[in-house]
Amino acid sequence: MDKATGIKVFHALLNKIGIMDHKADILDGFGVKSTRDLSEVELATACARLRDMEEAKDAPTREQRQWRSNVLTMLNKLGIYITNNDWSGVNRFLLDKRIAGKFLYEMNVDELKTLHRKLHAMVVKKEEADKKRGRLEKCN
């Protein structure tokens, strides 16, 4: 598939899934601002991910909902998911390859558990830093 066709497919999938307003977050995950800046390989990867998302739109299992809730609790403690239904910060954070590289609803239970463990470590580290800062402010 050539690049122009790939861009058309990309936009069609965004519209079909109903996430056109998250296009910037998806592109940010690839480190670009425009679909024209994507390489053909990145464009194919993005289209494949969108096709997977389209198929994964089925109702999540109870265990998936529970782990998603656990992840959102950790994101709240980190100050990333503060306002309900404000997904732009959550998407930007999770799409970072060092964190998850995916949207929350794309993850299976094992990926959610791994992400929860990673976020929990970040929360513990943040709480320790806050305690240390508090002690230093008291002493000085």
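General observations
- Among (1) within 16 Å of the chain's Cα centre (by Cα); (2) part of a helix (DSSP H, G or I), the one test that A44 misses: (1)
- Here F10 meets each of (1) at pLDDT 90 or above; (2) outside any helix (DSSP H, G or I) with one exception, condition (2).
- G79 being touching a helix residue (DSSP H, G or I) at 6+ places or on another chain (Cβ under 9 Å), of a type outside the set (F, W, Y) and in a loop (DSSP other than H, G, I, E, B): yes
- Residues (under 16 Å from D52 (Cα atoms) and either aliphatic (A, V, I, L, M) or touching a Lys or Arg at 6+ places or on another chain (Cβ under 6 Å) (or both)) located in the range 1-19: V9, A12, L13, L14, I17, I19
- Counted residues, the range 24-77 - those being surrounded by 12 or more Cβ atoms within 10 Å (Cβ to Cβ), within 17 Å of R92 (Cβ to Cβ), without any contact (Cβ under 8 Å) to a residue 60 or more places away in the chain and of a type in the set (D, E, K, R): 1
- Note on the range 82-140: residues that are touching a residue at least 40 places away in the same chain (Cβ under 8 Å) and exposed (fewer than 11 other Cβ atoms within 10 Å of the Cβ) total 1.
The values are calculated or read from the model by the stated rules, or taken from the named source; none is laboratory data. Everything numeric here is computed off the predicted structure, so don't read it as measured data. Heads up, the Cβs are rebuilt from the backbone with ideal geometry, glycines too, and the neighbour counts pull from every protein chain shown.
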